[in-house]
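A short write-up of the structure that comes next.
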């Protein structure tokens, strides 16, 4: 694939710092649509999650919140407009009542048993839980 620069197509290609489309369609106050470079006052392009009013957000500011017990919030580093890739807790980290994180999700045996056996009475739930946990530790 070619690394040709095509300023104004809305895609940052080649050596472009930004590309907000044509002069008529550009809504990014940080980007010059004619040169596809940041304006003199800008540190970053407005579409970046770690950019606010053309300035980099401070290191430690959350750019993506945690979505579950095994997810982690991503924070800006103060040097880039990009939010880091989505990460999660290390597999095996404790979560829930008796669960462990696995690939960003909490694998909780109590919830798994409830899903398998459905909503039942407390007495039956206790029996089902014992059976599920016995199967888990075989």
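The values are calculated or read from the model by the stated rules, or taken from the named source; none is laboratory data. All figures in this text were calculated on a predicted structure; none of them were measured in a lab. Ideal geometry is used to build each Cβ from the backbone, glycine not excepted, and the neighbour counts take in all protein chains shown.
Highlighted here are the strands (runs of 3 or more DSSP E) found entirely within region 20-138 that include at least 3 residues which are at pLDDT 95 or above: 62-64. Selection of region 27-42 for residues being more than 20 Å from residue 6 (Cα to Cα) and surrounded by 15 or more Cβ atoms within 10 Å (Cβ to Cβ) yields only 42.
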